[in-house]
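Visitor: Handing you this structure, nothing more for now.
The values are calculated or read from the model by the stated rules, or taken from the named source; none is laboratory data. This one's a predicted model, so the numbers in the text were calculated from it and none came from an experiment. Every residue, glycine among them, receives a Cβ derived from its backbone with ideal geometry; neighbour counts consider all protein chains shown. For accessibility, only protein heavy atoms count, side chains too; no ligands or nucleic acids. Shrake-Rupley method; radii C 1.70, N 1.55, O 1.52, S 1.80 Å.
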Amino acid sequence: MQLNRYTFLAFSLPLALGANAQSLTLDVASTVPAIGTDVPMHRGAFTTVPAGGMGVLHDFSTIVETGASTYRWTATSISPNAGMFPTANLALNNGGLDTIFYKISALCCERVGETRTIDVLLANFPAGFTDPVLELPLPLTYNDTWTDGIAGSFDVDGSTGTRFGTLNGTADSYGFVTIPGTVDPLHVLRTTTNVNETINIIPSGFPIPIAVTHIRVEVAYRTLFSKMPVFRTVTDSLISPFITQASNYSEWMDATVVGLLELQADLYAMNAFPSPADATLDITFNMPNASAATLSVVDARGVEVLKKALATAQGEARQNLDVKTWQPGVYQAVITGADGSRSMKRFVVAH
């Protein structure tokens, strides 16, 4: 009978997660990366994402990898074009020729310029914006929308150009997503952004401008603390009278990095079992020294459901939690030491 019960739990868990998911709110502290942040990502064929909405569960765990790269958030000074973007304070590059320059401010992530390869020019060139483009406003929660204009100009190697258009964004879904290599679903807020801009280029020696239409649609699943989408699909095209340059793909975060969200600086070697938990949950940990620490548990909305002081004795310890009355869903336990050191562990409650 016990086997049948847990077999039922295994099959019903995705439905329970979807039905009881709460929307999360992205904020600056959890979402904005720091200089020196590296994020390994995998790439596969473009896949159509399901419709958005509340409490969804989207499974992308079977997508086949076709390539990989590491996205690196750096100081702008490492680029020879940094002087063209004086307001930028963060740059993003994945090992190729193209680099994006960002201004991180109270509005959050504004794109102030980029170096971009356009095949019709047979060149990689820097181009700035006369008004930064708001790619991701923060804080952001379900049903939030935003719109920002695109305007800029460039002049490189005798070729001049202007650009204008619009970016529209919406947080159109929340729930859970699975990606290749992970075991537990990840609690996410999904954003969809649409870029539609016209780039008028006058190449050196050409009597008339060449109009290039740039269309980009990105659907991105974002967790708290991930610094990059854990999964996204991108369609990006540059269309001119002479050539069409298109890139359509899916991309997801390396599963070891998703795990490191829990395990990095895991000073307390924390574990939580069983997961899913029905009535009780055991939190085990190791106190590295005799000092004060606090155990807290937050639910999928980021609401604190439990907080208690831990015993200060050095060595292995255990806390038993009564979760019978907790709502089904994903929770995160956090141990915080007096010196600010933290360990985190996710677990699932399913009745």
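Visitor: Which condition does Arg232 not pass, out of (1) without any contact (Cβ under 8 Å) to a residue 40 or more places away in the chain; (2) over 22 Å from Thr37 (Cα atoms), if it passes all the others?
Guide: Looking at each condition in turn, Arg232 falls short on (2).
Visitor: Name the pairs: first residue in region 152-168 and farther than 15 Å from Met84 by Cβ, second residue open to solvent by 50 Å² or more (accessible area, probe 1.4 Å) and modelled with pLDDT of 90 or more, Cβ to Cβ under 8 Å, at least 6 apart or on different chains?
Guide: Gly165/Asn196; Thr166/Thr147; Thr166/Asn196; Leu167/Thr147; Leu167/Asn194; Asn168/Thr145; Asn168/Thr147; Asn168/Asn194
Visitor: Does Gly67 satisfy the condition of being more than 29 Å from Pro180 (Cα to Cα), touching a residue at least 24 places away in the same chain (Cβ under 8 Å) and either open to solvent by less than 70 Å² (accessible area, probe 1.4 Å) or of a type in the set (Ser, Thr, Tyr) (or both)?
Guide: On the way: more than 29 Å from Pro180 (Cα to Cα): no; touching a residue at least 24 places away in the same chain (Cβ under 8 Å): yes; either open to solvent by less than 70 Å² (accessible area, probe 1.4 Å) or of a type in the set (Ser, Thr, Tyr) (or both): yes.
Answer is no for this residue.
Visitor: Continuing with this model, one more query. Residue under question is Asp155, and the condition is that it be closer than 25 Å to Gly36 by Cα and either open to solvent by 60 Å² or more (accessible area, probe 1.4 Å) or of a type in the set (Asp, Glu) (or both); does it hold? It would help to see each step written out before you state the result.
Guide: Working: closer than 25 Å to Gly36 by Cα: no; either open to solvent by 60 Å² or more (accessible area, probe 1.4 Å) or of a type in the set (Asp, Glu) (or both): yes.
So Asp155 does not fit the description; no.
Visitor: Here is a follow-up. Run down Asn200, Asn194 and say which single residue is more than 13 Å from the chain's Cα centre (by Cα), in a strand (DSSP E or B) and closer than 30 Å to Met41 by Cβ. Steps first, please.
Guide: Details: Asn200 fails: closer than 30 Å to Met41 by Cβ.
Matching residue, one of Asn200, Asn194: Asn194.
Visitor: Is it true that Ser204 is among the polar types (S, T, N, Q) and at pLDDT below 85? Reasoning before the result, please.
Guide: On the way: among the polar types (S, T, N, Q): yes; at pLDDT below 85: yes.
Spelling it out, Ser204 is indeed among the polar types (S, T, N, Q) and at pLDDT below 85.
Visitor: Output the residues belonging to region 143-193 that are within 27 Å of Val258 (Cβ to Cβ), among the aliphatic types (A, V, I, L, M) and in contact with a strand residue (DSSP E or B) (Cβ under 9 Å, 6 or more places away or on another chain).
Guide: Ala171, Val177, Ile179, Leu186, Val188, Leu189, listed by residue number.
Visitor: Can you report the number of residues in region 161-182 which are open to solvent by 30 Å² or more (accessible area, probe 1.4 Å) and either modelled with pLDDT of 95 or more or within 12 Å of Phe60 (Cα to Cα) (or both)?
Guide: Result for region 161-182: 6.
Visitor: Same structure, new question: What's the total number of residues in region 212-222 that are open to solvent by 10 Å² or more (accessible area, probe 1.4 Å) and in contact with a helix residue (DSSP H, G or I) (Cβ under 9 Å, 6 or more places away or on another chain)?
Guide: Qualifying residue count for the region: 1.
Visitor: If you take the residues in region 319-333 that are β-branched (Val, Ile, Thr) and buried (at least 20 other Cβ atoms within 10 Å of the Cβ), which one is modelled with the lowest pLDDT?
Guide: So in region 319-333, the residues β-branched (Val, Ile, Thr) come out as 323, 325, 330.
Remaining after also requiring buried (at least 20 other Cβ atoms within 10 Å of the Cβ): 323, 330.
On the way: Val323: 94, Val330: 77.
Among those residues, the one meeting the criterion is Val330.
Visitor: Can you tell me which residue is farthest from Ala34 (Cα to Cα) among those in region 60-97 that are among the hydrophobic types (A, V, I, L, M, F, W, C) and over 19 Å from the mean Cα position of the chain (by Cα)? Show your work before the answer.
Guide: Going through region 60-97, the residues among the hydrophobic types (A, V, I, L, M, F, W, C) turn out to be 60, 63-64, 68, 73, 75, 78, 82, 84-85, 88, 90-92, 97.
Going one step further and asking which of them are over 19 Å from the mean Cα position of the chain (by Cα), we end up with 64, 75, 78, 82, 84-85, 88, 97.
Details: Val64: 30, Ala75: 9, Ile78: 15, Ala82: 18, Met84: 22, Phe85: 19, Ala88: 14, Leu97: 22 Å.
The selected residue is Val64.
Visitor: Given the condition more than 30 Å from Ile179 (Cα to Cα), surrounded by 13 or more Cβ atoms within 10 Å (Cβ to Cβ) and out of contact with any Cys (no Cβ under 6 Å at 6 or more places or on another chain), answer yes or no: does some residue in region 89-99 qualify? Write out each step before concluding.
Guide: Restricting attention to region 89-99, the residues satisfying the condition of being more than 30 Å from Ile179 (Cα to Cα) are 89.
Checking the rest, the ones that are also surrounded by 13 or more Cβ atoms within 10 Å (Cβ to Cβ) come to 89.
Next cut, out of contact with any Cys (no Cβ under 6 Å at 6 or more places or on another chain) only: 89.
Yes, that holds for at least one residue.
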